[in-house]
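Only one structure is covered here, and it is reproduced in the block below.
The values are calculated or read from the model by the stated rules, or taken from the named source; none is laboratory data. Because the structure is a prediction, the values reported are computed rather than measured. Positions of Cβ are generated from backbone atoms using ideal geometry, with glycine treated the same way; all protein chains shown enter the neighbour counts. Remember, those area values only see protein heavy atoms, side chains included, never the ligands or the DNA or RNA. Shrake-Rupley method; radii C 1.70, N 1.55, O 1.52, S 1.80 Å.
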Amino acid sequence: MGSKNINKNKDIKQNTSPYKGTTDTYPEDMFARNYLFNTWRTVAKSFGYEEYDTPLVEEASLYKAKSGEELAKKQLYTFLDKGGREIAIRPEMTPSLARIIAAKRKELKLPIRFFNIGRFYRYEKPQRGRMREFFQLNIDILGVGENTSEIEIIQFIIAVMQKLKAPKETYELRISSRYLLDYLYDEILKISEDKKPAITKAIDIFPKIDRENFKEYLEDLNLKEDQIKQLEEFVQWDLGNLEAIRDDSKGAMELLNLFSILEKLEITNVKFCPYIVRGLDYYTGTVLEMFDVGGDKNPRALFGGGRYDNLLEIFREEKLPAFGLGWGDVTTLDYLKTYNLLPPYTPNTKLFITLMDKEYIEESFKIASFLREKGINTEVQLEKIKLSKQLDYANKKSIPWVLIMGEEEREKNKVLLKNMKTSEQLLLPVTEIPEKID
Ligand code: HAM
């Protein structure tokens, strides 16, 4: 029965498309991805952050604890392993990070500055900026309760954007605080606990719909007229509104303090936006997201993050203040493409060794080994075909240097080194190649 099924599958024509919401990454796209990852990694290290990793799978309960309904129920990829455990493919890093910190809490020196670039899965409707498989840079600082960690991470963000040569007018960092919502709910709207999640969702939707629809959305939540008005005002608050409640709201006080430091540091692409609330349950204070504001092609956040001072409690561990963000590759590569900020694809190979005669192949391998040891990425022609075809291959792959070795050259113990851009040719011994190639 089993073997019959296998035979049956053999006859089915397999699909060449990847699974819905995932992409195959061919070398040119890999080049772009690596450019972004190298930038993230270099800047993170320059700030003293250390790289870590965690398994791709976790017990599903880890996400049910504090990641929020949307992620834990609708978007989680889960399966039962052979031992009957419910396993999830990680949809985000923060719970895993909290787990590995909680496991070694006593040994790790505070503050902990950690970063990771990893792959994640969410069962989402694929659309621009949203895939089922994606990467994130996670950068987090744990053990600092002061807003100096916010400042440091914001400095990191700006440093990455500068290294990516992003024009200042095309991006905006939007910041608010979860504590401000507490003030809104308890001091202004005076609503019960059960109504809060729906209102938080409405606030989150505000920038995505027009004013009229927003009003209708609020009306559907059975709010009183004055509450609707208060909410319509709240989502448009600016720093002036925060001044007025500075002494009564922890959120207002913290945000004002943060903005005054940012001003002194001349960091300007940052805006207070009360409608930034973030979808994940574990956030406690500052929350932030970054948007492309240079046009309307990329409406989704490039990254999102915030403070999560209580997450270690799910491991029955003492609280540990924490702040960090998850920066997506999909949204960021879309952004970089939109503004033509990706460097042109350059292949790795520096030099291509042609093959004039089958007999010369061993010589080719020897020369290639010598050149690779000298740090020159070298490709070898493995089959004897017409020289013009070999040169055509090198040309198409934009390999800048070609080595030609015919009978004449071999007699002189030399090779011809051809610059593919200028067509200039040099007759020289192999040992002199490294100094000729930049
Ligand atoms: P998040 O807002 O769920 O936060 O995701 C952060 C970023 O990951 C998004 O802004 C987006 O760039 C990218 N992203 C999320 N889902 C997708 C998707 N389906 N397709 C493509 N890109 C996606 C978190 O994950 C938090 N754990 C971040 C964090 C770290 N907070 C503190 N530390």
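Overview of results
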item	result
Among residues of region 324-357, those that are hydroxyl-bearing (Ser, Thr, Tyr) and surrounded by fewer than 21 Cβ atoms within 10 Å (Cβ to Cβ), counted	5
Residue within region 204-218 that is open to solvent by 70 Å² or more (accessible area, probe 1.4 Å), outside any helix (DSSP H, G or I) and within 23 Å of GLY295 (Cα to Cα) present	yes
Options LYS389, LYS319; residue that is among the charged types (D, E, K, R), under 30 Å from ARG410 (Cα atoms) and not in a strand (DSSP E or B)	LYS389
Qualifying positions in region 29-51 - outside any helix (DSSP H, G or I) and either open to solvent by 20 Å² or more (accessible area, probe 1.4 Å) or of a type in the set (Asp, Glu) (or both)	PHE47, GLY48, GLU50, GLU51
Total residues in region 165-182, condition within 23 Å of the chain's Cα centre (by Cα) and surrounded by fewer than 17 Cβ atoms within 10 Å (Cβ to Cβ)	4
